[in-house]
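Below is one structure, written out as structure tokens, with a few remarks after it.
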Amino acid sequence: MERIPILRMGDLLLVTIQVDMHDRLAMQLQDDLTARIVSDNAKGVLIDISALDLVDSFIGRMISNTAAMARVLDARTVVVGMQPAVAITLVELGLTLHGVKTALNVEKGMALLGKNFQ
Amino acid sequence: MSMKDYADRISQTILDQEAAIAAEWLAQLEALLVRSNAAAREQLRSHCQQFLKAFAGATRSGELENIEHRSWDEVRDLLSEISATRARSGSTPAETATFVFSLKQPLFSRLRDAFTGDADGLASASWTINTLIDKLGLFTITVFQKTKDQIIVRQQQELLELSTPVVKLWDGILALPLIGTLDSARTQVVMENILQKIVDTGAIIAIIDITGVPTVDTLVAQHLMKTIAAARLMGADCIISGIRPQIAQTIVHLGVNLEDVITKATLADAFVVALERTGATIAAKRTA
Amino acid sequence: MTFDTRSNAVQFETPLLDYHLAWRTGRVTLPLRTDEDVVGLRKQVRERAVAIALSLVDQTKLVTAASELARNTIKYGGGGEVHLDGLDDSMRRGIGLLFVDAGQGIPDIDSALRDGFTTGGGLGLGFGGSKRLVDEFDVDSRPKEGTAVLIIKWKR
């Protein structure tokens, strides 16, 4: 089955979601990320959703769960690049993504995670 | 006499007497023209001629009741064009419908001649033509209204674009002064604009200044709250500034929860807060 | 649940099947049984929404609502199908989606519509939330017989 690739940069894990995910794929990503946080001793996770034109309650919960699990494993998560239409829809849907830090783009996301690149 | 026979006789009458019918019709319309200059008269004449030709062609097809039928496509297209042109140049819907209705008189007098000695036939034909022209007249009114609506929508959009300016106050800080009354539809568009500008400029703070907004109702307040929630989901934040005493009263009265939103009385105050949030400060120059 | 093998139609009789009969055009019926079906539906709804020039936000709202309800059909309805219709009432155009399954039904629709409510079957946020994303929303559900959910979005 296809998997969403996870890149590693030092103690940071980077995921760029570029496909329209079906539920199983989203669950697989959640499992993979959690496993990699442990195996790579990651301290930060950056999830780039700038290519996603849709985030529904399942994907939203996947993101929340991933962030929660990361926190338990002593890593911080930042979600970047949420499109305005998606944000408006999530607000209307009532999904708050509490406990998930967000940033406008990868650069700002990295800054939030304490990684500044000159 | 079958419907087809009527149709043939009517269309033949029109074709035979086209010039005379057109002249009479034109004379009636010119009498109603408010602005009678050569260009207006010329356009009118052109419209009349085109319409008569199309009308005759359509009646010849035999369909005299259903103007949505294929054979009336050309007539409807022509009427749409005429109606739209008049809508854009400031005619009233009544004037445009009159264009069609005033064809009755010249047509009826020609029909009288064509059906001499056949009183029943004349009555039938007259009634058919009467109803037909009524339908066409009503059609012009519908088209007229649609065109006017389109013009209004376009004007509204242009107005909307003018009234949601965006000012980049500093790196990462946007100011969005909202001006004028905010209705539900407008607020939604403004909302989407604000969020798009945040993405486009990479702003992390958007100061929404409502000094220029006279009243805020529940719907508008809700939309503002949703905008702020959406901005936060995206990774930015909003400050509301310019809340005048009356609006503050309304907001409290409506029970809108502003607990986790920063609000400031003036844009300047909001700017200072925004600067602090982005880690910048304003320092006075030391004089030697 | 039963699938009629001749027409592959879901066996749940509901008056919602006749919704806005006079305004419907271009019906496409899609099966909802697997995760991939949900993704396929999202694509089709997006295409239709773009075709009638819905604003980007309205497109996103409709596709999201469709995704939620499709998932419900599969997870709690045991699978079913969705009818995707173009709507035209001669004044405006719209899109209608009718989700039908012959599954367990929703025991308490009002509770299910309240956000975050889970019956253990877990309809959760998507059901009530979807209602806020669309212009028209209707449900017909009978325990042990099935569920039909209708959503409509009009071009503003």
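The values are calculated or read from the model by the stated rules, or taken from the named source; none is laboratory data. Please read all numbers here as calculations on a predicted model, not as lab measurements. All Cβ positions, even for glycine, are placed from backbone atoms using ideal geometry, and neighbour counts span all protein chains on display.
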Could you check how many residues of segment A:70-116 are more than 22 Å from B:LYS197 (Cα to Cα) and small (Gly, Ala, Ser)? 5
Take C:GLU47 and decide whether it is in contact (Cβ under 8 Å) with a residue 24 or more places away in the chain, acidic (Asp, Glu) and either assigned to a helix (DSSP H, G or I) or farther than 16 Å from A:PHE58 by Cβ (or both). no
How many of the residues making up segment C:31-45 are within 8 Å of chain A (Cβ to nearest Cβ), of a type in the set (D, E, K, R) and under 14 Å from the mean Cα position of the chain (by Cα)? 1
Residues in segment B:208-235 that are crowded, with 18+ Cβ neighbours inside 10 Å and in contact with a Gly (Cβ under 9 Å, 6 or more places away or on another chain) total 6
Exactly one of (1) at pLDDT 95 or above; (2) more than 14 Å from chain A (Cβ to nearest Cβ) is unmet by C:VAL134. Its number? (2)
Can you tell me how many residues in segment A:42-53 are within 14 Å of the chain's Cα centre (by Cα) and under 19 Å from C:LEU41 (Cα atoms)? 2
Suppose the filter is surrounded by 15 or more Cβ atoms within 10 Å (Cβ to Cβ), out of contact with any Pro (no Cβ under 8 Å at 6 or more places or on another chain), under 18 Å from B:LEU136 (Cβ atoms) and in contact (Cβ under 8 Å) with a residue 60 or more places away in the chain; does B:SER71 pass it? no
Write out, first by first residue and then by second, each pair whose Cβ atoms fall under 6 Å of each other, whose residues are 6+ apart or on separate chains, and whose first residue, in segment B:136-155, is surrounded by fewer than 17 Cβ atoms within 10 Å (Cβ to Cβ) while the second is at pLDDT 85 or above. B:ILE141/B:ALA97
Which one of the conditions (1) surrounded by fewer than 22 Cβ atoms within 10 Å (Cβ to Cβ); (2) of a type in the set (Gly, Ala, Ser); (3) in contact with a helix residue (DSSP H, G or I) (Cβ under 8 Å, 6 or more places away or on another chain) does A:ALA87 fail to meet, given that it meets all the rest? (1)
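Residue-wise test of (1) over 19 Å from B:LEU132 (Cβ atoms); (2) basic (Lys, Arg); (3) within 36 Å of the chain's Cα centre (by Cα); (4) not assigned by TED's automatic domain parsing to the domain that holds B:VAL143.
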| position | (1), (2), (3), (4) |
| --- | --- |
| B:ALA7 | no, no, no, no |
| B:LEU15 | no, no, no, no |
| B:CYS48 | no, no, yes, no |
| B:THR59 | no, no, yes, no |
| B:ARG76 | no, yes, yes, no |
| B:ALA84 | yes, no, yes, no |
Out of (1) away from chain A (no Cβ under 14 Å); (2) at negative phi, what's the single condition that is false for C:SER90? (2)
Do we have any residue at all in segment B:111-130 that's in a helix (DSSP H, G or I), touching a Cys at 6+ places or on another chain (Cβ under 9 Å), crowded, with 17+ Cβ neighbours inside 10 Å and in the same structural domain as B:GLY62 (by TED's automatic domain parsing)? no
For segment A:81-97, check the following and say yes or no: at least one residue is away from chain B (no Cβ under 13 Å) and touching a strand residue (DSSP E or B) at 6+ places or on another chain (Cβ under 8 Å). no
Just wondering, is there one or more residues in segment C:115-134 that are in contact with a Pro (Cβ under 7 Å, 6 or more places away or on another chain) and under 24 Å from C:ASP18 (Cβ atoms)? no
Test: A:ALA35 is more than 14 Å from chain C (Cβ to nearest Cβ) and under 12 Å from the mean Cα position of the chain (by Cα): no
Quick check, is A:ASP20 charged (D, E, K, R), touching a strand residue (DSSP E or B) at 6+ places or on another chain (Cβ under 8 Å) and either surrounded by fewer than 21 Cβ atoms within 10 Å (Cβ to Cβ) or within 14 Å of chain B (Cβ to nearest Cβ) (or both)? no
Looking at this structure, is A:THR66 under 27 Å from C:ARG71 (Cα atoms), among the hydroxyl-bearing types (Ser, Thr, Tyr) and more than 13 Å from the chain's Cα centre (by Cα)? no
Could you check, for segment A:6-15, whether at least one of its residues is without any contact (Cβ under 8 Å) to a residue 40 or more places away in the chain, within 19 Å of C:ARG71 (Cβ to Cβ) and buried (at least 18 other Cβ atoms within 10 Å of the Cβ)? no
So which residues in segment C:46-68 are hydrophobic (A, V, I, L, M, F, W, C) and at the interface with another protein chain (Cβ under 10 Å from one of its Cβ atoms)? C:LEU56, C:VAL57, C:LEU62, C:VAL63, C:ALA65, C:ALA66
Expected output for segment B:113-135 (first residue in contact (Cβ under 8 Å) with a residue 24 or more places away in the chain and closer than 21 Å to B:ASP16 by Cβ, partner among the polar types (S, T, N, Q) and assigned to a helix (DSSP H, G or I), Cβ below 6 Å, 6+ apart or cross-chain) is B:ALA114/B:THR13
